[in-house]
Amino acid sequence: MKRWLTYSVPVALGIAVLAFWEWAVTHWQVPRFVLPAPSAIAQSFVDDRAQLAAATWTTFRIVIEAFVLALVTGVALAILFAQSRIVELALYPYAVILQVTPIIAIAPLIVIWVGYEHIDRALLILAWIVAFFPILANTTLGLRSADRNLIDLFRLYGASRWQILWKLQLPGALPYLLGAMKISGGLALIGAVVAEFAAGTGTATGLGWTITEAGNRLHIETMFAALAILSVLGVAIFFLLSALEWALLRHWHESAVSRQE
């Protein structure tokens with residue numbers, strides 16, 4: 001019964017909001033360029049399906065590439081930080097600087113350096129910048145949170161640094177990493193869209209540029225359609241990574257075990 005309510009209540013609320021939205025726009029005769037009705041937005045999905053499909057694929061591809069790149073580089077650098085305190089002291093401040101610098105401020109520079117003919121690469125770099133730091137910070141914290149007594153026990157039995165890392169530190173850091181991945185996945189999507197806004201060019205036809213172009217032409221229903229797709233992509237990324245987290249932790253970690261009960 002509780003599981004049924006978990007899904008039915010949000011769906012029922014969403015249907016009620018859409019129904020009220022449709023009625024309010026019609027009743028008060030709200031101009032279409034101010035707030036289109038849900039039926040007009042649905043019609044935009046049909047009329048602009050080719051454009052929206054191409055834009056969705058472009059954005060989705062950049063998000064996946066940026067997320068994977070952030071995952072690989074973040075974990076690799078976190079392992080390096082965990083193995084060398086000097087390297088961490090030398091590089092971590094620059095990682096923080098990269099994180100706190102507004103992406104909209106550096107986007108024009110990245111576009112110029114990469115070149116307008118390779119705008120997809122610029123968007124990938126900008127999305128990676130946004131998604132990179134949570135992976136690095138959380139994984140570093142997880143690797144450094146290994147039980148010191150267990151580390152001493154491993155050393156007592158003659159384990160090498162690689163064995164300690166592979167068999168103790170990395171498994172212990174896995175919950176931290178998986179939590180960071182859920183954050184990073186959403187940030188990669190946000191970074192890709194914001195990067196399109198900031199790049200200020202139409203050579204990359206992702207959802208960000210679709211929203212900008214539709215706004216310039218007062219095709220507000222197309223803007224809402226693109227926003228709806230972005231929302232669905234964000235929710236899908238979050239739930240896929242949550243499912244991965246549950247699958248990897250459900251047999252041994254308290255956070256996943258307690259959810260089964």
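The values are calculated or read from the model by the stated rules, or taken from the named source; none is laboratory data. A quick note: this is a predicted structure, and the numbers were derived from the prediction, not measured. Cβ sites come from the backbone with ideal geometry, for glycine too, and all protein chains shown count toward neighbours.
Couple of notes before you dig in:
To keep it simple, each residue is scored yes or no on (1) under 30 Å from ALA214 (Cβ atoms); (2) charged (D, E, K, R).
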| residue | (1), (2) |
| --- | --- |
| VAL25 | yes, no |
| PRO36 | yes, no |
| VAL46 | yes, no |
| LEU52 | yes, no |
| LEU77 | no, no |
| PHE81 | no, no |
| ARG85 | no, yes |
| GLU88 | no, yes |
| ALA107 | yes, no |
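- Test: residue in region 121-134 that is assigned to a helix (DSSP H, G or I) and surrounded by fewer than 18 Cβ atoms within 10 Å (Cβ to Cβ): yes
- Scanning region 209-225 for residues that are free of Cβ contacts under 8 Å to residues at least 12 places away in the same chain and either under 11 Å from the mean Cα position of the chain (by Cα) or part of a helix (DSSP H, G or I) (or both) yields GLU213, GLY215, ASN216.
- Every listed requirement among (1) within 24 Å of the chain's Cα centre (by Cα); (2) farther than 30 Å from TRP162 by Cβ; (3) not charged (D, E, K, R) is met by GLN29 save one, (1).
- Some residue of region 226-248 being charged (D, E, K, R), part of a helix (DSSP H, G or I), over 30 Å from LEU109 (Cβ atoms) and in contact with a Leu (Cβ under 6 Å, 6 or more places away or on another chain): yes
- For beta carbons closer than 6 Å, sequence separation of 6+ or different chains, a first residue in region 243-257 that is under 15 Å from LYS182 (Cβ atoms) and a second that is at pLDDT 85 or above and of a type outside the set (Ser, Thr, Tyr), the qualifying pairs are GLU245/LEU178; HIS253/PRO175; ALA256/TRP246; ALA256/LEU249.
- In the condition set (1) without any contact (Cβ under 8 Å) to a residue 24 or more places away in the chain; (2) closer than 22 Å to VAL87 by Cβ, ALA173 is compliant with all but (1).
- Selection of region 18-53 for residues being hydrophobic (A, V, I, L, M, F, W, C), touching a helix residue (DSSP H, G or I) at 6+ places or on another chain (Cβ under 9 Å) and under 19 Å from ILE229 (Cβ atoms) yields LEU18, TRP21, LEU35, ALA37, ALA40, ILE41, ALA42, PHE45, LEU52.
- Odd one out for TYR116 among (1) within 17 Å of the chain's Cα centre (by Cα); (2) over 19 Å from ILE190 (Cβ atoms): (1)
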